[in-house]
1. Which of the lysines could be linked to Lys22 by a straight reach, that is with a Cα gap under 23 Å, when you skip same-chain ones fewer than 8 residues away?
2. Distance from a point 7 Å along Cα→Cβ of Tyr52 to each backbone N in the stretch 1-20: keep the residues under 14 Å and list them by number.
3. Just add up the charged neighbours of Lys53: K/R +1, D/E -1, any other residue whose Cβ is under 13 Å from the Cβ of Lys53.
4. Taking Rh as the Kirkwood radius computed over C-alpha pairs, what is the Stokes-Einstein D of the chain at 25 °C in a medium of viscosity 0.890 mPa s, expressed in µm² per second?
5. What's the angle, to the nearest 10 degrees (0 to 90), between helix 49-58's Cα axis and the longest principal axis of the chain?
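Bear in mind these aren't lab numbers, they're just calculated from the coordinates by the rules spelled out. This structure is a prediction, so every number in the text was calculated from the model and none was measured. Heads up, the Cβs are rebuilt from the backbone with ideal geometry, glycines too, and the neighbour counts pull from every protein chain shown.
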Amino acid sequence: MSNKRIFIKKRQGYNKEELQLKNTLNLEYNLDLDNVQVYVIYDIYNIDEETYKLAKTSVFSEVVVDEVFESIDLEEGKYFAYEVLPCSIRSKS
């Protein structure tokens, strides 16, 4: 059992979110960006290698539309990241 981190990015032609984000940032904040890349990052805990290999391309990504990376180069460029935090929802019943 091991812990893994994978990065999922939409392939060219399926990257609508990237294009919309780039246009929004350029329009709203006048950033003049040439390129925006969006990655979904998964931290996977206590998984065996066989299950990981299967899940990497069937649970965490779609083979046709996604690219899967086990590492990405962050040496050049500027980066923005956010994390969705768990929350509790109180319903008034």
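1. Lys9, Lys10, Lys78
2. Counting backbone N atoms under 14 Å from the label point, the list is 1-7.
3. Details: positive: Lys4, Lys56; negative: Asp48, Glu49, Glu50, Glu70.
Counting the neighbours of Lys53, the net charge comes to -2.
4. Values: Rh = 15.8 Å.
The calculation lands on 155 µm²/s.
5. Computed tilt is about 40 degrees.
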